[in-house]
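Working notes for the structure below.
Any read-out appearing in this document is the output of simple, stated calculations on the displayed coordinates, not a laboratory observation. Everything numeric here is computed off the predicted structure, so don't read it as measured data. Please note: Cβ atoms are built from the backbone with ideal geometry, for glycine as well, and neighbour counts cover all protein chains shown.
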Amino acid sequence: MPRIADTDFDPLIQQAWQVLETLTDPEIPVVTLRDMGIVRKVLHHDDGLEVIITPTYSGCPAMEQIEDDVRTSLAQLGGPVRVTTQLSPAWTTDWMSDAAREKLRAYGIAPPHRCASVGDNVVQFAPRAASRLTAPDRPACPQCGSLQTTEVSHFGSTACKALYKCLNCLEPFDYFKPY
Amino acid sequence: MDTRVTPAKAPEDYLLHLADNAMVLGQRNAEWCGHGPILEEDIAMANVSLDLIGQARLLYQLVAERRGHGCTEDTLAYFRDVPQFRNYTLLELPHHGPLVGYAVAERDYAVTLVRNFLISALMVEVWAGLSHAPDPELAAIAERSLKETRYHLRHSHDWLVRLGDGTDESHQRMQAALDHLWAYTQEFWTATDLEAAATQQGLDMAAIRHAWQTTVTAGLAQATLRQPADGGYVSQGKQCVHSEHLGYLLAEMQSLARAHPQGQW
């Protein structure tokens, strides 16, 4: 049976995590891949390291860059590395750490609400999607903190974001969509 | 190695049907990139296309892996011809109404939005059902595609209402788009080997049709649009019998790969 070392006490795995901790999302350079919940697991097999990653959006152009970054950076540890893409369970913004959410906010991107709180509302119908959201569901403006915000467009600068506007300070901002 | 197809695995044709649907609609909608009616919608349609092409890639990769013998996602997307594509005819139609003779038309965003609404309302149900499919790899793809498709439905539904219940001009154009496209949705329900495969993967096509009709009826009512009567020619794109439009779409999509058949990029 192939050996899979215990994650907590294997020094190579700990080193790998230290390296992975330095890798950031290619499109949002303030959060790490681990913060984002993209890097799921590091395994130590007889024939080298295996890193399990879960892709975000099906068509996210950053995924190949991310795979490359993981492979290149772990190569410095010496041994062979393979990256395995795992689709299920599907990536969700709920995996984002609280630290990551705070970093997004500081960077000017409103962090996603928990999917549990939004639920199937993602698909609920209303003539004006934003106006239906009650105040606690609306993203707070990352600049001034106001909850008086409104959706400008379902899609923002990348697939994972929507475009909002603050009605208080009038600044436009990206909202990381709950996914 | 044992390569027998176990009953749990979805038949290849069914996977290609799902993949071709996503690929062809993704390619069609991507025509708006740089030409969208407003900047936000230009970006929206490019993002919707990215999702669809991403879904198609996952499905093509799955087929290629199972088929082996040098098959890749690229050979499936770029080196098959019209008679091998299994997408619904609805998805290959240009972004405008029917034309006669040598008439030419500009793209009409109403056609784009109505089509996206009709197909997203269907695919939300299909992906939700397939999330529990006995084929575990298909289920994994369905689970993530569902999230994206829900959002596409929200986007197209929002615009359906905004434009349907908008000005006289926008209402008239949305109704014309619906009148043009409606007959093609009949293809969703004709029973073929693909629906048998869907059933085997846990889908209840009668329940899906009911759910789709409920979504569509509610959406059209809010948008003050009238549902056309069924009837007329029932298209057969999923059985590889296509309209004249698919060839042009594929020619544009495939020409680069075919001009450089060994190209790597």
Problem set entry | Charge sum, other residues only, whose C-beta stays under 12 Å from A:Thr93's C-beta, Lys/Arg counted +1 and Asp/Glu -1 | +3
Exercise. Against the longest alpha carbon principal axis of chain B, how many degrees, from 0 to 90 and to the nearest 10, is the axis of helix B:39-67 turned?
Worked result: 20
Seminar exercise, completed: Least to most buried among B:Glu106, B:Glu195, by other C-beta atoms within 10 Å and fewest first, runs B:Glu106, B:Glu195
Seminar exercise, completed: From the cross-link list A:Lys161/B:Lys238; A:Lys41/A:Lys165; A:Lys41/A:Lys177; A:Lys103/B:Lys147, the entries with a Cα-Cα span beyond 28 Å are A:Lys161/B:Lys238; A:Lys41/A:Lys165
Problem set entry | Positive-end residue of A:Pro139, B:Val234, B:Gly97, charge dipole of the protein assembly as shown with Cβ unit charges | A:Pro139
Problem set entry | Dipole magnitude of the protein assembly as shown about its Cα centre (Cβ charges: Lys, Arg +1; Asp, Glu -1), debye to nearest 20 | 540
Seminar exercise, completed: Partnerless cysteines (no other Cys beta carbon under 4.7 Å) identified across the protein assembly as shown are A:Cys60, A:Cys115, A:Cys160, B:Cys33, B:Cys71, B:Cys240
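Inside 10 Å of the C-beta atoms of A:84-96, what's the mean count of C-beta atoms belonging to other chains? Spell out each step's value before the answer.
Values: counts 0, 2, 1, 11, 9, 3, 9, 3, 2, 1, 0, 0, 0.
Per residue, the average neighbour count from other chains is 3.
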Exercise. Relative to the longest principal Cα axis of chain B, at what angle does helix B:168-181 sit, 0 to 90 degrees, rounded to 10?
Worked result: 40
Problem set entry | Selected from A:Thr32, A:Trp17, A:Ala62, residue furthest toward positive end of dipole (segment A:11-85; charges at beta carbon) | A:Trp17
Exercise. So what's the angle, to the nearest 10 degrees on a 0 to 90 scale, between helix B:109-130 and the longest Cα principal axis of chain B?
Worked result: 40
Exercise. Taking neighbour Cβ counts within 10 Å as the exposure measure, how do B:Val100, B:Val24, A:Val42 sort from fewest upward?
Worked result: B:Val100, A:Val42, B:Val24
Problem set entry | Total formal charge among the other residues, if their Cβ is under 13 angstrom from that of A:Thr22, Lys/Arg +1 and Asp/Glu -1 | -3
For this session: Report, for the protein assembly as shown, the % of DSSP beta bridges that are antiparallel, rounded to 5.
Result: 70
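Lys and Arg at +1, Asp and Glu at -1: add these up for the other residues within a Cβ distance under 15 Å of B:Gly263 and post the number.
On the way: positive: B:Arg258; negative: B:Glu73, B:Asp74.
Here the count lands on -1.
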For this session: Could you please rank A:Phe9, B:Phe79, placing first whichever residue has the fewest other Cβ atoms within 10 Å of its Cβ?
Result: A:Phe9, B:Phe79
For this session: Assign unit charges at the C-beta atoms only (+1 for Lys and Arg, -1 for Asp and Glu), then state the dipole size of segment A:11-85 relative to its Cα centre in Debye, rounded to the nearest 20.
Result: 180
